[in-house]
Amino acid sequence: LALENILLAEKHLPETEESMAAYVYLNKADIYCHLGRLDEAEEIFDMAEREHHLKEEIPYDYMTCSVSLFYRRKDMEKYRNYVGEVINNLSNMDAAEYIDACRTVSECALDLGDYETVELFVSKMNSYMEKHPNENKVGLIFEQLKYEYAKKIGNEHLALKALEEKEKYYLRSISITEEKRVISMDEYLKT
């Protein structure tokens, strides 16, 4: 479905701004990567890098996609270089980029058994949440990543703690949603 949609977006590129091409082709490469069509993914990635200036247009998404692509290609030198770039640029990323980068690197590192990198990202996620405690959706995603890590290493205490924290974020999200609903209903009744 994602591939279908990105191919549709690609058809409409001539009707949009040139800068959109970088997003479309990066996402197309990422989708092919996740589908295991690595030759096509790398070909599209290289073309987009040359013709649509991915590094300049969308540098953080470019780094994250590179981590995923080169991990799956088993090019560990490039993979590690891009993980280093992600680490060096986390503080510059917005929430969506930060989540995507943490998720991608953590999943690859978990799969590799590179727990040192996973622990580094868990630490970064904790620091992020200390600075942004009200970002419930981000907290939910981070706690899920921590839970998966804890399961992988067999740390029941850490897994339970991650589930408890995830539950707290979930309850806060419900509370905020309910609060918004009540305010909306009050506005409706006043109108």
* Cα-Cα over 23 Å: which of Lys124/Lys166; Lys124/Lys161; Lys146/Lys168; Lys78/Lys151; Lys28/Lys55; Lys131/Lys166? -> Lys78/Lys151
* Asked: When the gyration tensor of the range 70-165 is built from Cα positions, what are the square roots of 5 times its three eigenvalues, in whole Å, from largest to smallest?
  -> 22, 18, 9
* Report the local net charge at Lys161: Lys and Arg +1, Asp and Glu -1, summed over other residues whose C-beta lies under 14 Å from its C-beta. => -2
* Hey, any idea what the orientation-averaged projected area of the convex hull of the chain's Cα atoms comes to, in nm²? -> 13.9 nm²
* Selection of GluC sites (Glu not before Pro), the range 1-67, meeting DSSP coil and at most 13 other Cβ within 10 Å -> Glu17, Glu18
* **Where Met47, Met185 fall by accessible area, highest first, once all protein chains stay in place (1.4 Å)** => Met185, Met47
* **Candidates per trypsin sites (Lys or Arg not before Pro) in the range 1-97, loop by DSSP, up to 10 other Cβ within 10 Å** => Lys74
* Tell me what the chain gives for mean residue ellipticity at 222 nm when only DSSP H runs of n ≥ 4 count, each as -39,500 (n - 2.57), the sum divided by the residue total, rounded to 500 deg cm²/dmol. => -28000 deg cm²/dmol
* What list of ³J(HN,Hα) values in whole Hz, one per residue of the range 77-93 in order, does the Karplus curve 6.51 cos²θ - 1.76 cosθ + 1.60 (θ = phi - 60°) give from phi, with Gly and Pro shown as x? -> 5, 5, 4, 5, 4, 6, 4, x, 5, 4, 4, 5, 10, 3, 5, 8, 7
* To do: Multiply the residue gap between Ala95 and Glu119 by 0.36 nm, knock off their C-alpha separation, and tell me the result in nm, one decimal place.
  => 6.7 nm
* Asked: For Phe45, what charge total do you get from the other residues with a beta carbon under 13 Å from its beta carbon, if Lys and Arg give +1 and Asp and Glu give -1?
  -> -3
* Asked: Hey, got the dipole for the range 31-182? About the Cα centre, +1 on K and R Cβ, -1 on D and E Cβ, debye to the nearest 20?
  -> 560 debye
* Structure fact -> At 10 °C and 1.306 mPa s, the Stokes-Einstein diffusion coefficient in µm²/s for the range 75-120, with hydrodynamic radius from the Kirkwood sum on alpha carbon pairs, is 147 µm²/s
* For Asn155, which sequence-distant residues (separation of 5 or more, or a different chain) have an amide H within less than 5 Å of its own amide H, given hydrogens modelled in the peptide plane? -> none
* Asked: Taking a probe of 1.4 Å, how large is the accessible area per residue of the chain, in Å²?
  -> 61 Å²
* **Estimated vicinal HN-Hα couplings, Hz - the range 24-31 in sequence order (Karplus 6.51, -1.76, 1.60; Gly, Pro = x)** => 4, 6, 5, 5, 4, 4, 5, 5
* Tally up the carbon and sulfur contribution to the accessible surface of the chain as a whole percent, 1.4 Å probe, everything protein left in place. => 51 percent
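The values are calculated or read from the model by the stated rules, or taken from the named source; none is laboratory data. For clarity, every value in this text was computed on a predicted model and none was experimentally measured. Glycine gets a Cβ as well: all are built from the backbone with ideal geometry, and neighbour counts include every protein chain shown. Accessible surface areas use protein heavy atoms only, side chains included; no ligands, DNA or RNA. Shrake-Rupley method; radii C 1.70, N 1.55, O 1.52, S 1.80 Å.
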